[in-house]
Amino acid sequence: MQMKNMSRTLKWISVVIIALGILCCIWNISQFNDRNLGLMVGIGFLVGGAQILIFGTIAPLMQKRQDEERLPESLAKDPV
């Protein structure tokens, strides 16, 4: 349950960061070059938000896989 809440929170944070990145990019699109700091920050927000979204999706899947791997070990130790 805690992992599901963490995943949901990370997804919301990533959506907010991506939205900020879109706003920064739209606001500073007039001068499209590498010296435009606002545009570069916006692109950074887009990339960072995407990475947070990916982590928020993958982390619960990895945790679920580890829990499934531990389950047979715990069954083998406990005689029924």
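The values are calculated or read from the model by the stated rules, or taken from the named source; none is laboratory data. Everything numeric in this text was worked out from a predicted model, so none of it was measured. In this analysis, Cβ positions are derived from the backbone assuming ideal geometry, glycine residues included, and neighbour counts consider all displayed protein chains.
Among what's in the stretch 1-34 and is of a type in the set (D, E, K, R) and within 10 Å of the chain's Cα centre (by Cα), pick the residue that is surrounded by the most Cβ atoms within 10 Å (Cβ to Cβ). Spell out how you get there, then give the answer.
Initial filter on the stretch 1-34 (of a type in the set (D, E, K, R)): 4, 8, 11, 34.
Narrowing further to those that are within 10 Å of the chain's Cα centre (by Cα): 8, 11.
Values: ARG8: 12, LYS11: 15.
Result: LYS11.
Only residues that are touching a Lys or Arg at 6+ places or on another chain (Cβ under 8 Å) and among the small types (Gly, Ala, Ser) were counted across the stretch 2-61, and they come to 1.
Scanning the stretch 26-66 for residues that are of a type in the set (Phe, Trp, Tyr) and in a helix (DSSP H, G or I) yields TRP27, PHE45, PHE55. The single condition from (1) under 20 Å from the mean Cα position of the chain (by Cα); (2) surrounded by fewer than 15 Cβ atoms within 10 Å (Cβ to Cβ) that LEU37 fails is (1).
ALA76: under 10 Å from the mean Cα position of the chain (by Cα) and at pLDDT below 85, yes or no?
Details: under 10 Å from the mean Cα position of the chain (by Cα): no; at pLDDT below 85: yes.
When the stated conditions are applied, ALA76 does not pass them.
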